[in-house]
Amino acid sequence: FIEALDEIGALTHNSHADERLKAYENLSRLAGDFNDTVRTYARIIISEVYLPPEQKTIRPLAMGGIVGGDKYVVHGILFKFAVDTKKLYDSDEHAARVAGHELKGCV
């Protein structure tokens, strides 16, 4: 990702159109690969939500904090699965709402 951004950052108003196109295509391809990877692992995490941790393909990690739900790390990508496993809220729906507000605060 850093390399793709550096490649775009190195472009100038004198850069050839082919060079510009290649730089943006590289970033676009990387974004697509990231999206595919995230979707694949998210499907696994979601499909195994009701399994005990020892039976899961991707196991949750103890990363500190309990409010954000279960946390998983796969290939350096952090997944926070907003479920009320610690019974802090009335439901998984409320846990998801809190996670949604957390995302809004990241912008």
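The values are calculated or read from the model by the stated rules, or taken from the named source; none is laboratory data. Values in this document were obtained by computation on a predicted structure and should not be read as measured data. Please note: Cβ atoms are built from the backbone with ideal geometry, for glycine as well, and neighbour counts cover all protein chains shown. Ligands, DNA and RNA are stripped out before the accessible areas are found, and what is left, the full protein with its side chains, is counted by its heavy atoms. Shrake-Rupley method; radii C 1.70, N 1.55, O 1.52, S 1.80 Å.
Over the chain, accessible surface divided per residue gives 75 Å², non-protein components excluded, 1.4 Å probe. Taken about its Cα centre, segment 1-77 carries a charge dipole of roughly 340 debye when the Cβ of each Lys and Arg holds +1 and the Cβ of each Asp and Glu holds -1.
Placing one identical point scatterer on every Cα of segment 52-107 and ignoring solvent, what is log10 I(q)/I(0) from the Debye formula at q = 0.14, 0.15, 0.24 Å⁻¹? Log-scaled intensity ratios, in q order: -0.40, -0.45, -1.03. Think of the chain as a dipole: +1 on every Lys or Arg Cβ, -1 on every Asp or Glu Cβ, centred on the Cα centre; then among Ser47, Leu88, Gly69, Leu88 lies furthest on the positive end.
Mean sequence separation of contacting Cα pairs (under 8 Å, at least six apart), scaled by the length of the chain, corresponds to a relative contact order of 13 percent. 222 nm [θ] for the chain, helices only, -39500 (n - 2.57) per DSSP H run of 4+, per residue, to 500? Calculated from helices alone, the mean residue ellipticity at 222 nm is -16500 deg cm²/dmol. Phi angles of segment 38-48 translate, via the Karplus equation with coefficients 6.51, -1.76, 1.60 and θ = phi - 60°, into HN-Hα couplings of 4, 4, 4, 6, 5, 4, 5, 4, 5, 5, 9 Hz per residue; Gly and Pro are given as x. Between Gly32, Ala4, Pro60, the Cα set farthest toward the positive side of the dipole of the chain (charges on each charged residue's Cβ, about the Cα centre) is that of Pro60. Using a probe radius of 1.4 angstrom, the carbon and sulfur fraction of the accessible surface of the chain is 58%. Once you have the Kirkwood Rh of the chain from its Cα pairs, apply Stokes-Einstein at 20 °C and 1.002 mPa s and quote D in µm²/s. Answer, rounded: 129 µm²/s.
Number of Lys-Lys pairs in the chain with C-alpha atoms under 28 Å apart and a separation of 8 or more places or on different chains: 11.
The phi-based Karplus calculation (6.51 cos²θ - 1.76 cosθ + 1.60; θ = phi - 60°) puts the 3J(HN,Hα) values of segment 54-69 at 5, 9, 7, 5, 10, 8, x, 10, 8, 10, x, x, 10, 5, x, x Hz, whole numbers, x for Gly and Pro.
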